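Undergrad: Please find one structure pasted underneath; my questions will follow.
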Ligand SMILES: [Ca+2]
Ligand SMILES: [Ca+2]
Ligand SMILES: [Ca+2]
């Protein structure tokens, strides 16, 4: 009896070991799939948020889109990313999906604006990068000696997306832990990037109006989560591509940001 029960125990142990081995193999497969998934969606980040421009934002009582808000995306990875079908969401709703063949090359930045404002209108105010690195707004401040981002400014795309008025609505000027929770979602419905920006605590102040917030160079590629205010900076003239807009019929105020320019630094550097 003892021998039989011993044999049975051994058999039980073997079974347990096999089950454990299968579970471990499955875990390895799942981990590989997960890393493939994150690889597939690449390293696209929300690199800058203009949520409280000095330019006229529209009257929310009239339910008009806030045309002068914008969001910058950046490909921090080493492979082109197909953003087709990607959309932005927050706790209010979501935008329309990005159109077919929306590619973002490694190191390329793209600006997302509400439908109703054109790429030409944005470039008119902020510069297109085609006419030299420090245009426009260079007359508004001195370019600093180490201001390589200006040199790095190149032509960038501006994509107008519908779904701001009835979807994500505006980007709150008085954000809180409950809003805005900006999330970039890929065409498979996976969350690629999320940030719950704020203007208090560790977060850059947005007072006075007009300055965007942007991921600091050392955190473009290295983050635990983007929900840490100290990882973001407030745009100022002449730093990390920061420049002012030229006033136009759409961009009526004096805003500061670095649309089209993302400075990437090594971890641990400032
Ligand atoms: Ca919103
Ligand atoms: Ca706003
Ligand atoms: Ca930027």
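Undergrad: Applying the selection to the range 45-63, what residues are within 14 Å of ligand 1 (Cβ to nearest atom), at pLDDT below 95 and out of contact with any helix residue (DSSP H, G or I) (no Cβ under 7 Å at 6 or more places or on another chain)?
TA: Matches in the range 45-63: 57, 58, 60.
Undergrad: Okay, next question. Can you tell me which condition residue 205 does not meet? The list is (1) free of Cβ contacts under 8 Å to residues at least 40 places away in the same chain; (2) crowded, with 19+ Cβ neighbours inside 10 Å, and all the others hold.
TA: Against the list (1) free of Cβ contacts under 8 Å to residues at least 40 places away in the same chain; (2) crowded, with 19+ Cβ neighbours inside 10 Å, residue 205 comes up short only on (2).
Undergrad: Hey, another quick one. Those residues that are on the phi > 0 side of the Ramachandran plot, at pLDDT 90 or above and surrounded by fewer than 22 Cβ atoms within 10 Å (Cβ to Cβ), I need them from the range 218-270; list them, please.
TA: none
Undergrad: How about the range 62-82: which of its residues are in a loop (DSSP other than H, G, I, E, B) and in contact (Cβ under 8 Å) with a residue 60 or more places away in the chain?
TA: 63, 64, 65, 66, 67, 68, 69, 76
Every residue, every condition in (1) within 15 Å of residue 232 (Cα to Cα); (2) in a strand (DSSP E or B); (3) not assigned by TED's automatic domain parsing to the domain that holds residue 55, yes or no:
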{"position": "166", "(1), (2), (3)": "no, no, no"}
{"position": "170", "(1), (2), (3)": "no, no, no"}
{"position": "189", "(1), (2), (3)": "no, no, no"}
{"position": "195", "(1), (2), (3)": "yes, yes, no"}
{"position": "198", "(1), (2), (3)": "yes, no, no"}
{"position": "202", "(1), (2), (3)": "yes, no, no"}
{"position": "205", "(1), (2), (3)": "yes, no, no"}
{"position": "208", "(1), (2), (3)": "no, no, no"}
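Undergrad: Filter the range 68-81 down to the residues that are closer than 21 Å to residue 195 by Cα and either more than 16 Å from ligand 1 (Cβ to nearest atom) or over 15 Å from the mean Cα position of the chain (by Cα) (or both), then identify the one that is surrounded by the most Cβ atoms within 10 Å (Cβ to Cβ). Spell out how you get there, then give the answer.
TA: Keep residues of the range 68-81 that are closer than 21 Å to residue 195 by Cα, which gives 68-77, 81.
Pick out the ones that are also either more than 16 Å from ligand 1 (Cβ to nearest atom) or over 15 Å from the mean Cα position of the chain (by Cα) (or both) and you get 68, 72-77, 81.
Values: 68: 25, 72: 25, 73: 28, 74: 26, 75: 23, 76: 21, 77: 18, 81: 23.
Applying the filter and picking the extreme gives 73.
The values are calculated or read from the model by the stated rules, or taken from the named source; none is laboratory data. Just so we're clear, the structure is a prediction, and the values are computed from it rather than from any experiment. When we count neighbours, we look across all protein chains shown, and the Cβ atoms used for this are built from the backbone with ideal geometry, even at glycine.
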